[in-house]
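Enquirer: Sharing a structure here in structure tokens format.
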Amino acid sequence: MEFSKPVIGYAEVWPMLLVFGVACAGVLVEAFAPRRVRYATQVLLALVGLAAAFVGTVMIGLDLNETAGGAAKGGITAEGAIVVDGPAIFLWGLILLIAVGGLLLFAERELEGGVSAFAGQAAALPGTEAEREASTRGLDHTEVFPLMMFAVGGMMLFPASNDLLTMFVALEVLSLPLYLLSGLARRRRLLSQEAALKYFLLGAFSSGFFIYGIALVYGYAGTMEFGGINEAISNNTGNRTLLLAGMGLISVGLLFKVGAAPFQAWTPDVYQGAPTAVTGFMAAATKVAAFGALMRLYYVAFGNERWSWQPMLWVIAILTMLVGALLAIAQSDIKRMLAYSSVAHTGFLLTGVLGAQSASELSSGEITSLQAVLFYLVTYGFMTLGAFAIVSMVRDAGGETNHLSRWAGLGKESPIVAGIFAFFLLSMAGIPLTAGFTGKWAVFAVAMSAGAWPVVVVAVLTSALAAFFYVRVIVLMYFADPVGAGPSVTLPSVLTAVTIALGVAATLLLGIVPGPVLDLAAHAGEFIR
């Protein structure tokens, strides 16, 4: 029996490997570096690693082969396990930019009086002497930085996976660090630990559905590679029970990760209980990676079975938008409100997934579903990260104050902070001249061109409904009388300020001049089949 060594195209995947390498180096720093230098070392190491990975991603994107139409093509590497094409490179760049903003929020210390927002000793039970001692000594959980880098590496692998097994591994690699990070809040430890436990248990169940779906699809197609599955669907006209059951179970795992109804139950509890820096990073970056993986799975592996999964997505998209918009109205906690807002945005993104998959199906000048969803992910990622950065600044003596009543009168206390938060909320509502309006227009347009007009009608109505709870917060900040001493804003360091500035700039520019990013998404081309 002849053995042939596996060939890995390191030149195509080195940015992702660099992120994993930095994560491993961070573990070594935790093991051997003195405690007094760990914080600075970890922040610098992670920041340099992310910056180098982003530069490498840009270089690889510039070197991708182009098709006759000018779109990037790319290729498959790592023995068929990873595909490096235009959409994957686009998503890598976006994930890395969001990760830089998330890293700056993780590194923030001014808001907690010189210590981070993460628990000093995770093993200490809340309220015990061990926890008080850790807080008094100013202990810092710098392990959060390598955990974050492992999550980023998994997020990069997720949309670049070219077979079901690699996609499952990526799902677990990105999820496990997030389970841990969600339970490490310095304040409200019990709420944070409850959030982590719920996230872990529900995530484990969804992973079980995913892996069982993989087994069924493999039983039908005889392969786990996406191209092979699509070819088996084309050639096989027999009983498709295994295929349809497998598609459904795999969809459960992916729809859980994007926070779609009826698998959204974890979202408000985890968003509320996790440290706000983790919530912002998780809300933005995870959705980018998960939607990239979802589109690659549906467009490449199940592209020839679109008439089976599209009706399912019609129902899921409508249900998700209604659940997100209706339940957000009933919330009195700002983080829970933003969580249900995220659920509604998932429905809008699923509306875009229903559009035409390739340019050949469209008239000249129309945009593809992939192009619209990629643009929406850019707008959503930056405005969500910026919004949660603002949430971390509104505080009282007990830490963050997230009850809506405590935000009354914020416009008088800090007009700049209230104005920036109002700007993010207006963008989420889809007000013109903001990135949110352009993103919604893009996904609604592609869905309409594909004949999914009932979903678009529901999307427009739920957008109007969602505007109510966004405007309600703005009215509360500017026109309501403060409760008690009123809200208090703690000024952050330059780290959080840079993240907020990045979010504001992206939200404003993408609303006024969306053309360059739309063109970049068009240049990314289509998924390699």
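Matching residues to (1) without any contact (Cβ under 8 Å) to a residue 60 or more places away in the chain; (2) under 18 Å from Arg306 (Cβ atoms):
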position	(1), (2)
Gly153	no, no
Leu181	no, no
Leu190	no, no
Gln193	no, no
Gly203	no, no
Phe226	no, yes
Ile229	no, yes
Gly246	yes, yes
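Enquirer: Separate question: List the residue pairs whose Cβ atoms are under 8 Å apart, where the first residue sits in the range 106-119 and is in a loop (DSSP other than H, G, I, E, B), the second is of a type in the set (Phe, Trp, Tyr), and the two are 6 or more positions apart or on different chains.
Expert: Correct list of pairs: Ser116/Tyr39; Ser116/Phe106.
Enquirer: All but one of (1) within 24 Å of the chain's Cα centre (by Cα); (2) under 30 Å from Gly113 (Cα atoms); (3) aliphatic (A, V, I, L, M); (4) surrounded by fewer than 17 Cβ atoms within 10 Å (Cβ to Cβ) hold for Ala204; state the number of the condition that does not hold.
Expert: So the condition that Ala204 fails would be (2).
Enquirer: Now, a different point. Tell me whether the range 57-65 contains one or more residues that are of a type in the set (D, E, K, R) and crowded, with 18+ Cβ neighbours inside 10 Å.
Expert: no
Enquirer: If only one of Ile500, Ile528, Ile474 is surrounded by 15 or more Cβ atoms within 10 Å (Cβ to Cβ), free of Cβ contacts under 8 Å to residues at least 60 places away in the same chain and β-branched (Val, Ile, Thr), which one is it?
Expert: Ile474
Enquirer: Residue check, Ser192 against (1) outside any helix (DSSP H, G or I); (2) touching a strand residue (DSSP E or B) at 6+ places or on another chain (Cβ under 7 Å); (3) buried (at least 23 other Cβ atoms within 10 Å of the Cβ), all met but one. Which one?
Expert: Condition not satisfied by Ser192: (1).
Enquirer: Can you tell me which residues in the range 373-401 are of a type in the set (Phe, Trp, Tyr) and within 14 Å of Ser341 (Cα to Cα)?
Expert: Tyr380, Phe388
Enquirer: Name the single residue that is farthest from Gln42 (Cα to Cα) among those in the range 148-157 being out of contact with any Leu (no Cβ under 6 Å at 6 or more places or on another chain) and hydrophobic (A, V, I, L, M, F, W, C).
Expert: Per the criteria, the residue is Leu157.
Enquirer: Considering only helices (runs of 4 or more DSSP H) fully contained in the range 368-487, which possess at least 2 residues that are over 26 Å from Ala293 (Cα atoms)?
Expert: By residue number, 369-391, 410-413, 415-429, 453-479.
Per-residue answers, yes or no, for (1) farther than 27 Å from Phe527 by Cα; (2) at pLDDT 90 or above; (3) of a type outside the set (Lys, Arg):
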residue: Thr41; (1), (2), (3): yes, yes, yes
residue: Val48; (1), (2), (3): yes, yes, yes
residue: Ala52; (1), (2), (3): no, yes, yes
residue: Gly56; (1), (2), (3): no, yes, yes
residue: Asn65; (1), (2), (3): no, no, yes
residue: Gly69; (1), (2), (3): no, no, yes
residue: Ile76; (1), (2), (3): no, no, yes
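Enquirer: Which one of these does Met477 not meet: (1) under 30 Å from Glu110 (Cα atoms); (2) modelled with pLDDT under 90?
Expert: (2)
Enquirer: Let me ask another. Among the residues of the range 264-293, which ones are more than 18 Å from Ala151 (Cβ to Cβ) and either crowded, with 23+ Cβ neighbours inside 10 Å or within 11 Å of the chain's Cα centre (by Cα) (or both)?
Expert: Gln264, Pro268, Gln272
Enquirer: In the list Val169, Val173, which residue meets the criterion of being β-branched (Val, Ile, Thr), in a helix (DSSP H, G or I), buried (at least 19 other Cβ atoms within 10 Å of the Cβ) and within 20 Å of the chain's Cα centre (by Cα)?
Expert: Val173
The values are calculated or read from the model by the stated rules, or taken from the named source; none is laboratory data. Only a predicted model underlies this, so the values are computations on that prediction, with no experimental measurement involved. Neighbour counts are summed over all protein chains in view; Cβ atoms, including those assigned to glycine, are modelled from backbone coordinates with ideal geometry.
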